[in-house]
Amino acid sequence: MSPHDDDEDDNASTPRDSNGKILNEGDSVQLIKDLTLKGSSTTIKRGTLIKNIHLTSNDEEVECRTDKIKGLVLKSCFLKKV
């Protein structure tokens, strides 16, 4: 095992947005794609600003809330850090 293997594991376990920027607790993010929510007829439009995200144990998901929906979990690949 080389020293570089440890660095790759650290990078893989860090939550990142669609551009590769590291996401932190309380960051503001913007949607890069229109998202239709399961179990609802609501669509969240591209460009929607979401403030104060909460990181989860899964690095690919973040918890957040919008004006319309509370307790929303989004994939980080659809987010861009602002």
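To the nearest ten degrees, helix 3-12 and the longest principal axis of the Cα atoms of the chain are 10 degrees apart. Under 5 Å between amide hydrogens, built in the peptide plane, is the criterion, and for Ser28 it picks out Asn52, Val82 among residues at least 5 positions away or on other chains. On alpha carbon coordinates alone, what is the Rg over Rh value for region 3-81, Rh being the Kirkwood radius? For region 3-81, the value is 1.02. Put simply, the amide H of Leu23, placed in the peptide plane, has neighbours under 5 Å in Arg16, Asp17, leaving out anything fewer than 5 places away on its chain. Between Asp34, Asp67, Asp59, the GNM of the chain built on Cα springs shorter than 10 angstrom shows Asp67 fluctuating the most. The modelled label-to-label distance between Thr66 and Val82, using points 7 Å beyond Cα along the C-beta direction, is 1.3 nm. Scalar couplings 3J(HN,Hα) for region 59-73, obtained by applying the Karplus form with A = 6.51, B = -1.76, C = 1.60 to θ = phi - 60°, are 5, 8, 10, 10, 8, 7, 9, 10, 4, 8, 10, 9, x, 8, 10 Hz; x denotes Gly and Pro.
For region 21-33, the Karplus equation 6.51 cos²θ - 1.76 cosθ + 1.60, evaluated at θ = phi - 60°, returns couplings of 6, 6, 8, 10, 4, x, 5, 9, 10, 10, 6, 9, 8 Hz by residue, with Gly and Pro reported as x. Between Thr66, Thr14, Thr43, find the one with the highest GNM mean-square fluctuation for the chain; connect C-alpha pairs within less than 10 Å. Highest fluctuation of the listed residues: Thr43.
Nothing charged except the Cβ atoms of Lys and Arg (+1) and of Asp and Glu (-1): what's the magnitude of the dipole of region 27-72 about its Cα centre? Round to the nearest 20 debye. List each step's numbers first, then the result.
Numbers: 8 positive and 7 negative charges, 67 e Å.
Computed about the Cα centre, the dipole is about 320 debye.
For the options Ser18, Ser41, Ser57, a Gaussian network treatment of the chain with springs between C-alpha atoms closer than 10 Å singles out Ser41 as fluctuating the most.
Each reported figure results from applying straightforward, stated rules to the coordinates on display, with no laboratory input. Please read all numbers here as calculations on a predicted model, not as lab measurements. So basically every Cβ, Gly included, is an ideal-geometry build from the backbone, and we count neighbours across all protein chains shown.
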